[in-house]
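The values are calculated or read from the model by the stated rules, or taken from the named source; none is laboratory data. Keep in mind the model is a prediction, meaning the values are calculated, not measured. Because the Cβ atoms are built from the backbone with ideal geometry, glycine has one as well, and the counts that use them run over all protein chains shown. Keep in mind that these areas ignore ligands, DNA and RNA; they rest on the heavy atoms of the full protein, side chains included. Shrake-Rupley method; radii C 1.70, N 1.55, O 1.52, S 1.80 Å.
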Amino acid sequence: MVHDAVRVVRLDNPPVNALGQSLRSAVVEGIAAANSDPTVRAIVLSGTDKAFSAGADITEFGTPLSTAKPDFPEMLASLENSPKPVVAAVAGVCMGGGLELALAAHARVARPDARIALPEITLGVIPGAGGTQRLPRALPADEALDMILNGKARTAADLKDTGLFDAVDENVIEAAKALAEDLAEGKRHAVLLRDRGPDNAALGAAVARMRGEPGLRQATVAALDAVEAAADRPFDDGLALEHRLFAQLETSDDAKALRHAFFAERALSKPEGSAPKGGAVERVGIVGSGTMGRGIAISVAKAGIEVTMVDLDADALSTAREMIKASLVRDVEKSRVPAEKLDQILGRLGYAQGLDALASSDLIIEAVFEDMDVKLKVFSDLERICRPEAVLASNTSMLDIDRIAASTANPGRVVGLHFFSPANIMRLLEVVRGTATSTATLATAVAFARRIGKVPVIAGNCHGFIGNRMLEAYLDRAFTLIEEGVSPYAIDKALEDWGMAMGPFRILDLAGNDVSYSVRKTRKAMYPHVYISPLGEIMYLAGRLGQKSGGGWYDYGPDAPKGRPSPDVEALLKKERLTITRPQRTCAPNDIISELISALAREGTHILAEGHAASSSDIDIVYLYGYGFPRYRGGPMYYCMTHGLT
């Protein structure tokens, strides 16, 4: 076989071969040139080892460049209409428009670890270049619909026997060349996906099942419409519908908000400079074996870093070991961790009763009880034991990092690492910069956060930092609404229907009204002239501590594990409203939403003005990743800005 007869057309637009207008032109020109060369018998379209193509250039969305010639349909037509067979050689990332490009080829070969996805739904749109029409012709109905509706990546190895790829091979270019030659010589025959018939009955049934799901967003409904067209319309008609739906969605509120979130994460503020050489974190110490300590330990060990957990209580340490192992076993059972890696992760976890075990750690994270005196004692002991260059971090959610740092001789190496519970699940990590925190310490902390898979947002040292300071303003407004006659259940329902993961009173019951009472009591002492509603204290004194006590703002029990409205709470609130004597009013759901989201954004504006956050988009990321704010709303700052709320 003479491979010289196969022309390799290589995509080259670092870093991920985004299919902007210039690369689309290059693809069309490359295919045309190969077809006009009489020495070429077949074509292989490839990318780099890291990326076939990650898809459309998202910076072009909503601009004239997104439809500039050659547009996606013209580029794909250059493959489908090529008189010489075109084989896509897929390695690395192959997503969105990149996958749609590969689907238009006559055949596809992939490296086993290639990552395959149609993630458009996560940006509030649907595949716009034939993905909803070609993928259901290449995969079983349920798998195709799942990829289109969930946007999650699969590996080529996972899809090996589905019909999407003609071959899965480590030597992807050579395998693609061999297949291209076989096609050119007639030894094998390829059928374009547009000419394959989908399993209409299975596809229709899968779409019907999904239509019955509650709370479908606009893009999901459009995706179902497009996929349904693949089952009951000619290919070109389905393609035309997909194009129309994509164009409508591209300028929708959801799509704009989701693009904002996408870019906000990529534009997160970064520390000045970088972590010093030798500053890589390979050994982490964790002080405290409670819920937060265990979650942090799991995150760190899963990232390939050695962990030593310290607790003075031997029984607590033993319990932590058992609970960490049980959590990791559940991760294996749910396919979140490969079974073969379980022993490796467990092997990275060590346990000790004395702080001396942390002497060689690169980073020590204090995760003890939220009490300043306790934390000061820990930091004083750590400074005596740990290496001078080790970073000392506190997991405090509220306390003054500067005061903690001042208890050490070198406050420059002290930083806040505010994990969110459960720490092994939640991706947000507030990296709290104290007044004395050095740039090297901050850079080391941010690099560590990224390594363990967290989304690090740099916050200044103020009461509550970014997230919890805003949460207090949000709760203050919610309490005021109750004082004005609004039911806590109406408040929760309005916000949950709007998209919040939980309403404010479900949050309080989950965290514990004793915890909330303690925080508000501390705040009242710090700010004696600020009005703080007595309702939280009243709930605490009534013994309604939340889920832990079987009753908080809601009543809990075997028949109501998620809680149900409590007549006792309603009676208690009715009585207290008479004492508070605030004017009563009714409040529609939209008014509740406007008032509470505005309260978040107003406090965010103060935080920004004081320099405790680098940008409004950083604040949005805190709420998207740490507080259950709906991503399709963009974040509290974005939402209020785009909806004229103050």
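Data for the structure
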| quantity | calculated |
| --- | --- |
| Fraction of the pair-distance distribution of region 528-595 above 18 Å, Cα-Cα pairs, percent | 53 percent |
| Extension gain from Ser36 to Ile385, taking 0.36 nm per residue of separation minus the Cα-Cα distance | 118.3 nm |
| Isotropic mean projected area of the C-alpha convex hull, region 128-201 (nm²) | 5.9 nm² |
| Point-to-point label distance, Asp591-Leu346, nm (Cα→Cβ direction, 7 Å offset) | 5.8 nm |
| At R0 = 41 Å, FRET efficiency that the Cβ-Cβ distance of Asp12 and Asn200 yields, to 0.05 | 0.55 |
| Kirkwood Rh, Cα atoms: Rg over Rh of region 297-430 | 0.98 |
| Stokes-Einstein D for region 153-261, Kirkwood Rh over Cα pairs, 20 °C, 1.002 mPa s (µm²/s) | 125 µm²/s |
| Mean Cβ count within 10 Å, highest first, over the residues of peptides 326-333, 616-623, 202-209 | 616-623, 202-209, 326-333 |
| Rounded, prolate or oblate (a/c below 1.5 giving rounded, otherwise prolate when a/b exceeds b/c) for region 279-351 by Cα gyration tensor | oblate |
| Shape of region 575-623, Cα gyration tensor, a/c cut at 1.5 | prolate |
| Accessible-area value, Cys587, 1.4 Å probe, nucleic acids and ligands omitted, Å² | 30 Å² |
| Helix 21-36 vs. the chain, principal-axis angle (Cα, 0 to 90°, nearest 10) | 20 degrees |
| Three semi-axes of the equivalent ellipsoid, region 520-646, Cα gyration tensor, whole Å, largest first | 30, 20, 17 |
| Share of carbon and sulfur in the accessible heavy-atom surface of region 1-120 [1.4 Å probe, %] | 57 percent |
| Distribution of pairwise C-alpha distances over region 170-230, 5 Å bins, in % | 3, 14, 16, 13, 10, 7, 12, 13, 8, 3, 0 |
| Kirkwood Rh, angstrom, the chain [1 / mean 1/r, Cα pairs] | 27.6 Å |
| Positive dipole terminus of region 576-639, leading residue within Ile592, His606, Tyr623 (C-beta point charges) | Ile592 |
| Degrees between helix 172-185 axis and first principal axis of the chain (Cα, 0 to 90, nearest 10) | 30 degrees |
| Accessible solvent surface per residue of the chain, calculated while the other protein chains remain in place, 1.4 angstrom probe, Å² | 43 Å² |
| On Cα atoms only, tilt of 467-483 relative to the major axis of the chain in degrees | 70 degrees |
| Relative compactness, region 380-432, computed as alpha-carbon Rg over 2.2 N^0.38 Å | 1.21 |
| Linear extension gain, Asp232 paired with Thr439, 0.36 nm per residue minus alpha-carbon span | 68.5 nm |
| FRET efficiency, Glu333 to Arg209 (Cβ-Cβ, R0 25 Å, nearest 0.05) | 0.45 |
| Spin-label model distance (nm) - His463 vs Leu317, 7 Å beyond Cα toward Cβ | 3.8 nm |
